[in-house]
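Below you'll find the structure, written out as structure tokens, and then a few comments.
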Amino acid sequence: QTSMKNMERELVCPVCKEMYKQPLALPCTHNVCHVCASEVLLQHGYLCCDPTSEPSSPAATPATRSPRLGRRAVPKPDRLDRLLKSGFGTYPGRKRGTVHPQTVSFPCPACQRDVDLGERGLGSLFRNLTLERVVERYRQTINISAAIMCQFCKPPQLEATKGCTECKSSFCNECFKLYHPWGTQKAQHEPTPPTLTFRPKGLMCPEHKEEVTHYCKTCQRLVCQLCRVRRTHTSHKITPVLSAYQALREKLTKSLAYILSSQDTVQTQIAELEETVKHTEV
């Protein structure tokens, strides 16, 4: 629990004090939510895009914005002239009332430094997809661990501590021992972390203990995600396991069809060779 709490502190936005939502990577290597960054710039007098639209995605443009977010009314020509003369920009982070573009200074709430975002402001930042996936997986872990209870306890149920892929069930410690008695076939079942959705146990990489997901045609072996990034597989032809399986299956099917189609011819040749051997012996 302590390690989970420490990890959760690393996944909290320094502005809203909540878990990151669409985090943007700042030049100072810190992160901040897209909406929070837009609000900070607005507080400092910069004009930003709609904070509800996704950064660096088609939803950020008025022409392709999701209908759930609504569409902005197109200004009339005379209003456009007034806006241009007053210096209002259309990109995120332009200062109100300025005619010429200027660099945007963003006060980082983590390191307390003013970070230069350039003339494009938030438009020059990239969305931290890795951090976003980590946050999502952490949320799922918290929700699942809080919801999984032992499926065999009598009321009141205890929290599940082990799972069994073969039984497709989650158990507490006592129930796991009860339903996997020593000396039986079930005692050989390997315990796994409890879960609500049991997937079939896949092949594991013997080197990294990760599930294999790809096939290296050059080495003719299954590889995991960690194997792919190693230098030993640089410039190798690597394909997903499913694609490799289908290709090898088609090749094997053709080979079997060829063998079966020529089976009669081979049997005839064998019979002729046996007859020749007998004739030779005589």
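Only the coordinates and a few stated rules stand behind these numbers; no lab work does. On a predicted model such as this, the values are computed, not experimentally measured, just so you know. Positions of Cβ are backbone-derived with ideal geometry, glycine not excepted, and every protein chain shown enters the neighbour counts.
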Beyond 25 Å (Cα-Cα) in this structure, taken from Lys209/Lys251; Lys154/Lys177; Lys168/Lys251, we find Lys209/Lys251; Lys168/Lys251
Quick one: which residues, 5+ away or cross-chain, put their amide H under 5 Å from the amide H of Met149? H built at 1.01 Å from N.
-> Ala160
Any aspartates and glutamates with Cα under 19 Å of the Lys254 Cα? List them, leaving off those in the same chain fewer than 8 positions away.
-> Asp264
Principal axis dimensions, segment 212-281 - Cα atoms, whole angstrom, descending = 64, 23, 17
Burial-style ranking of 121-128, 224-231, average other-beta-carbon count within 10 Å with highest first, yields 121-128, 224-231
